[in-house]
1. Ranking request for peptides 82-89, 36-43: highest mean number of other beta-carbon atoms within 10 Å first, then the rest in descending order.
2. Could you work out the relative contact order of region 6-155, using alpha carbon pairs under 8 angstrom and six or more residues apart, expressed as a whole percent?
3. Computed from the coordinates I sent, mean projected area of the Cα convex hull in nm² equals one of (i) 10.1; (ii) 9.4; (iii) 15.3. Tell me the label.
4. How big is the gap, in Å, between the Cα center of region 28-81 and the Cα center of region 88-117?
5. To the nearest 20 debye, what charge dipole does the chain have about its Cα centre, counting +1 at the Cβ of each Lys and Arg and -1 at the Cβ of each Asp and Glu?
6. Quick check: from the Cα gyration tensor, does region 1-78 come out rounded (a/c under 1.5), prolate or oblate?
7. What value does region 1-44 have for Rg/Rh, both radii from Cα atoms and Rh as Kirkwood defines it?
8. Report, to one decimal in Å, the Kirkwood hydrodynamic radius for region 72-162 based on all distinct Cα pairs.
Amino acid sequence: MKRPGIMEGVVLALGVSVVAGLLFTVMGPVFGGAAVLRLLIAASSLVYVIYLLSRSRECVGRVTTVAAWTITALALWWLEPPLLLYVLAHTGFIWLVRSLYFHAGVLSALADLGLSGLGLVAAVWATLQAGSLFLSLWCFFLVQALFVGIPRRIGGRHPDRQSGPDDEDRFQHAYRAAEGAVRKLTSVK
């Protein structure tokens, strides 16, 4: 599966923002704004994690990742930390999933951590300026859509590079050795 594109991220940001904004407007007055806000933050985080897992080339650990997200979300719901810590925990989990599934180096993961922090700053700014959940989520996920611009590995040797002349020589040597071993095994004396 190919790496996600920025337009996918923009569409996802718009969809999550619109749905969460509408649900908060409808459910907030009925069930209490704080509980609905926490539920929508968790739901938005889950949608984004599922999106990331669906677009990842890695097949290993998907069930474990969703289980870990579920345990984390339930623990956060039960502990009821301050809203900022709640948001930081969900953002941290998103960063962890992206680091594990889309980055192959520490520098790439650190760049992604910076992007996650920038997304939080944009969301806080939107909240302070407009007080709108829609705009806060829109700004946060719009910045998150930029993660596709972070290279898989920054600096260092690339493990997924094309094979070079040395690799071909080693292959030919191993191939000849294997042929010789098969000839010895199959010759009758």
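1. Details: 82-89: 14.5, 36-43: 19.0.
Top to bottom by mean Cβ count within 10 Å: 36-43, 82-89.
2. Working: 141 pairs, mean separation 51.4, N = 150.
Across region 6-155, relative contact order equals 34 percent.
3. From the options (i) 10.1; (ii) 9.4; (iii) 15.3, the structure gives (iii).
4. 16 Å
5. Numbers: 16 positive and 10 negative charges, 138 e Å.
Dipole about the Cα centre, nearest 20: 660 debye.
6. On the way: a/c = 4.55, a/b = 1.41, b/c = 3.23.
Because a/c hits 1.5 or more and a/b fails to exceed b/c, region 1-78 counts as oblate.
7. Values: Rg = 13.3 Å, Rh = 11.5 Å.
Ratio value, two decimals: 1.15.
8. Values: mean 1/r = 0.0697 Å⁻¹.
Answer for region 72-162: a Kirkwood hydrodynamic radius of 14.3 Å.
Quick note: the coordinates plus some simple rules give every number you see, no bench work behind them. Model, not experiment: these values are computed from the prediction. Using ideal geometry, Cβ is built from the backbone for each residue, glycine included, and neighbour counts are taken over all protein chains shown.
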